[in-house]
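What follows is calculated from the coordinates using simple rules that are stated; it is not laboratory data. Predicted, not measured: the structure shown is a model, and the values here were computed from it. Counting neighbours? That spans all protein chains shown, and the Cβs are built from the backbone with ideal geometry, glycine included.
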Amino acid sequence: MSKVPQLKVSIEPLGDRVVVHPLAQEQVTASGIIIPDTASGEKPQEGIVIAVGKGGIGKDSQNPSDFLKVGDKVLFGKYAGDDVKLKDTDGKDVEVKVLHLDSILGKVK
């Protein structure tokens, strides 16, 4: 399990939403040079679950906690969800994504 950032605020997503902290993805060339994700401009598609909603309303709604828990590593669509900036306990900005459960492609084990 990867490290979950400690946020200054407590967040509880509504319905079938999940809050995910995207992981920075570094690429390594054949010669061993590390290219950070900021150089390529690609959005990360892997992240750590920070918070899970309690499910939607209606018989077809799903409860995200049936599938995910805080600390799980997940894959999500490149442009899925909404980006939100929050502060961690040290006062630094932490970027998180608020995704619908349907935007989660799978868990990484």
**OP:** With a Förster radius of 25 Å, plug the Cβ-Cβ distance of LYS107 and ALA24 into 1/(1 + (r/R0)^6) and report the FRET value to the nearest 0.05.
**Re:** 0.80
**OP:** Using 0.36 nm per residue of separation minus the Cα-Cα distance, give me the extension gain between PHE67 and SER10 in nm, one decimal.
**Re:** 18.4 nm
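Taking a 20 Å limit on the Cα-Cα distance, which of the listed pairs LYS69/LYS97; LYS54/LYS92; LYS8/LYS97; LYS87/LYS107; LYS54/LYS85 fall beyond it?
Details: LYS69/LYS97 16 Å; LYS54/LYS92 28 Å; LYS8/LYS97 16 Å; LYS87/LYS107 26 Å; LYS54/LYS85 22 Å.
Checking Cα-Cα distances, LYS54/LYS92; LYS87/LYS107; LYS54/LYS85 exceed 20 Å.
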